[in-house]
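The values are calculated or read from the model by the stated rules, or taken from the named source; none is laboratory data. Predicted model only: the values in this text are computed from it and were never measured. Neighbour counts are summed over all protein chains in view; Cβ atoms, including those assigned to glycine, are modelled from backbone coordinates with ideal geometry. Just so you know, the surface numbers come from the protein's heavy atoms only, side chains and all, with ligands and any DNA or RNA stripped out. Shrake-Rupley method; radii C 1.70, N 1.55, O 1.52, S 1.80 Å.
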Amino acid sequence: PDKIQGLISKLYVGHVLEVDKFYARDISEIIHIIDLDGAYIPNENIVQGDNPNGEDKPFYTESTIINRSVSSIEERNKRKRDNIAALLTLPKGRIRVWHNPDNPKSKQSTIPYSLYYFSTNLDHFIHNDANLPSTGRAKVNLAEVFANGFIDDLDGFISFFVDDPASAGEMTYEESWNFIRQPGVASLQRHTNIDILLKRLQAMADEQ
């Protein structure tokens, strides 16, 4: 968690500032979208076993994570929870970035930052399948069908998320995070708060 801001600088922001020569003020906001992967379930809901699909990766149900190594999932979940906690408590909702991430003494700036989630993952919400195979074209084919269905239909794309009862709905940004982080299995079920982002962006566009 103490290195997460520097990592985001290195992966996403440093090149824009140092190489592309944008100013930090040119970036209106960093919007970060993540898969929760069941990070908030109790450890007793992590079950030792083989993936029923024969893949060497965790298998997700609505209430459990099945994996050959229970301890590795426990460690992964704790790391993700700690990182999310650090990002949700950034002072004034601004993330510190280094203009040259390889040089900690380089110029620093702060940029507005927000974090949104899918749980268990994006495939779960869009395709209602949290365990799509990581090889082959099934995942790609489904993504292409989804994209092609909305490529000329922005309102339909927004409605897909906003009108879904599994979205955050009337919750605020903070409430949506409090909901998904509560003890239990919500982070393994089909939820997202991406609708909050889409409604916010749509309101901004309407003001133009």
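At 0.36 nm per residue, minus the direct Cα-Cα distance, what do Leu88 and Phe179 gain on full extension? Give it in nm, one decimal, please.
31.4 nm
Which one of Thr192, Thr120, Thr89 has the biggest mean-square fluctuation once the chain is modelled by GNM with Cα springs under 10 Å?
Thr89
Just need log10 I(q)/I(0) for the stretch 80-137 at q = 0.25 Å⁻¹, Debye formula, equal scatterers on the alpha-carbon atoms, no solvent, rounded to two decimals.
Summing over Cα pairs of the stretch 80-137 leads to -0.99.
Around Tyr117, which amide H atoms from residues at least 5 apart in sequence, or from another chain, sit under 5 Å from its own amide H, with H modelled in the peptide plane?
Ile34, Asn193, Ile194
Roughly how many Å² is the accessible area per residue of the chain, as a whole number, for a 1.4 Å probe?
Normalised by residue count, the accessible surface of the chain is 58 Å².
Can you give the three extents of the C-alpha atoms in the stretch 136-208 along their principal axes, from longest to shortest, in whole Å?
Principal-axis extents of the stretch 136-208 (Cα, largest first): 42, 37, 16 Å.
Longest span of the chain, sites excluded, free of GluC sites (Glu not before Pro) in DSSP loop with at most 15 other C-beta atoms within 10 Å?
The reported range is 63-169.
Can you list the HN-Hα couplings for the stretch 153-159, worked out from phi with the Karplus curve (6.51, -1.76, 1.60; θ = phi - 60°), rounded to whole Hz and with x for Gly and Pro?
Listing the rounded values in order: 9, 4, 4, x, 4, 5, 5 Hz.
Can you tell me the dipole magnitude for the stretch 90-138 around its Cα centre, using point charges on the Cβ only (Lys, Arg +1; Asp, Glu -1), in Debye to the nearest 20?
It works out to roughly 440 debye.
Calculate what fraction, in whole %, of the accessible area of the stretch 1-116 sits on carbon and sulfur atoms when a 1.4 Å probe is rolled over the protein chains.
After summing per-atom areas, the C and S share lands at 50 percent.
If you take the alpha carbon radius of gyration of the stretch 124-167 and divide it by 2.2 N^0.38 Å, what ratio comes out, to two decimals? Kindly include the intermediate steps, with their values, before the conclusion.
Details: Rg = 11.8 Å, N = 44, 2.2 N^0.38 = 9.3 Å.
Relative to the 2.2 N^0.38 Å estimate, the stretch 124-167 comes out at 1.27.
Write down the percent of antiparallel bridges among all DSSP beta bridges whose residues are both part of the stretch 10-144, to the nearest 5.
Working: 7 of 16 bridges.
Looking only at bridges with both residues in the stretch 10-144, the antiparallel portion is about 45 percent.
List the longest stretch of the chain that has no exposed loop site; here a site is one of the trypsin sites (Lys or Arg not before Pro) assigned by DSSP to anything other than H, G, I, E or B, with at most 10 other Cβ within 10 Å.
Values: sites that count: Lys3, Lys21, Lys105, Arg137.
Value returned for the longest uninterrupted segment is 22-104.
Expressed as cubic angstrom per residue, what is the convex hull volume of the alpha carbon set of the stretch 50-121?
142 Å³
Using helices alone, what [θ] at 222 nm do you get for the chain, with -39,500 (n - 2.57) per DSSP H run of 4 or more residues, divided over all residues and rounded to the nearest 500?
After summing the helix terms and dividing by the residues of the chain, the value is -11000 deg cm²/dmol.
For the chain, what is one quarter of the convex hull surface built on the Cα atoms, given in nm²? Let's see the in-between values first.
Numbers: hull surface 54.3 nm².
Here the figure is 13.6 nm², rounded to one decimal.
Top mean-square fluctuation among Ala138, Ala186, Ala130, Gaussian network model of the chain, C-alpha springs under 10 Å?
In this elastic network of the chain, the residue with the biggest mean-square fluctuation among Ala138, Ala186, Ala130 is Ala138.
Most mobile of Gly169, Gly38, Gly136 per a Gaussian network model of the chain (Cα springs, under 10 Å)?
So, out of Gly169, Gly38, Gly136, the one fluctuating most is Gly136.
Between their Cα atoms, which of Lys10/Lys80; Lys80/Lys105; Lys10/Lys92; Lys21/Lys199; Lys10/Lys107 are more than 25 Å away from each other?
Lys80/Lys105; Lys21/Lys199
Over the chain, what relative contact order in percent results from Cα pairs under 8 Å that are six or more residues apart?
On the way: 305 pairs, mean separation 57.5, N = 208.
Relative CO of the chain lands at 28 percent.
Apply the Karplus parameterisation 6.51 cos²θ - 1.76 cosθ + 1.60, with θ equal to phi minus 60°, to every residue of the stretch 172-180 and state each ³J(HN,Hα) to the nearest whole Hz, in sequence, with x for glycine and proline.
6, 4, 5, 5, 5, 6, 5, 5, 6
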